[in-house]
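As structure tokens, the structure follows; a few thoughts come after it.
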Amino acid sequence: MPTKATVKKTKKSAQRPVKKTVKKTAKKVTWDEIQQGFKEIEKAQKEAWAAIRETQQAHKETEKAIRETQKNVGGLSNSLGSIVERILTPGLPKKFKKFGYSFGRIASYSYTSGVYAQIDGMLENGTQAVAVEVKTKLRQADIDDHLVRMKKIRKHANEHGDTRQFMGAMATFITDETAKNYALNKGLFVIEPSGEDVKVTKPVVEPRVW
């Protein structure tokens, strides 16, 4: 019996797809596109310079505002000086005379020797003195500060052999009734404008003496 010949099966290898390489052609840049690019750069530069000029202008306006503020502050200082001169007139001692006080002069003081207190005006004689603090508008905080100032004045007087009695007064150009009543109840005189003159209001209680 004839033998069958064995047939060898050959394994077919999988065919891989062949990648096609596509050559990309370089995009041509036209002269118009180049010009447009330069125009955009020029536009960006103009915007940048405009922003710089705006910043410089803002700085100039800020400097101008600072100068105007300084000028206004200087004017306010001059106005305050006029207020002080108006309130602390040579006729002020006459206002206190009706309360039984006789003051010969008005002086201003600035204590620095261990006290650090400044007095806008001091009505004084040989035995008594009234320390006047001037404010454009009277506030309760200003009154409390003056009460502390009066203690400093007393301390300075004791250290320098000054045995005078010291009283306090608040002078104001703009009157606030609440603050005014607070000062009067604390034993301080209140001085305020009245027409072309000033008026002095005596404390509700006896004037406080330091």
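The values are calculated or read from the model by the stated rules, or taken from the named source; none is laboratory data. Quantities reported herein were computed from a predicted structural model and do not represent experimental measurements. In this analysis, Cβ positions are derived from the backbone assuming ideal geometry, glycine residues included, and neighbour counts consider all displayed protein chains.
Tabulated values for the structure
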{"quantity": "Residue that is surrounded by the most Cβ atoms within 10 Å (Cβ to Cβ) [pool: residues in segment 160-175 that are modelled with pLDDT of 90 or more and not hydrophobic (A, V, I, L, M, F, W, C)]", "calculated": "Gly168"}
{"quantity": "Test: residue in segment 109-126 that is modelled with pLDDT of 90 or more, in the same structural domain as Gly168 (by TED's automatic domain parsing) and surrounded by fewer than 13 Cβ atoms within 10 Å (Cβ to Cβ)", "calculated": "no"}
{"quantity": "Long-range neighbours under 7 Å by Cβ, at least six apart or interchain, first residue assigned by TED's automatic domain parsing to the domain that holds Ala131 within segment 141-152, second assigned to a helix (DSSP H, G or I)", "calculated": "Ile143/Ala179; Ile143/Tyr182; Ile143/Ala183"}
{"quantity": "Count of segment 167-191 residues which are touching a residue at least 40 places away in the same chain (Cβ under 8 Å) and of a type in the set (D, E, K, R)", "calculated": "2"}
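One line per residue, one yes/no per condition, for (1) at pLDDT 70 or above; (2) assigned by TED's automatic domain parsing to the domain that holds Glu177; (3) closer than 17 Å to Ala169 by Cβ; (4) part of a helix (DSSP H, G or I):
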| position | (1), (2), (3), (4) |
| --- | --- |
| Ala51 | yes, no, no, yes |
| Gln56 | yes, no, no, yes |
| His59 | no, no, no, yes |
| Gly75 | no, no, no, yes |
| Asn78 | no, no, no, yes |
| Phe99 | yes, yes, yes, no |
| Ala107 | yes, yes, yes, no |
| Val130 | yes, yes, yes, no |
| Glu133 | yes, yes, yes, no |
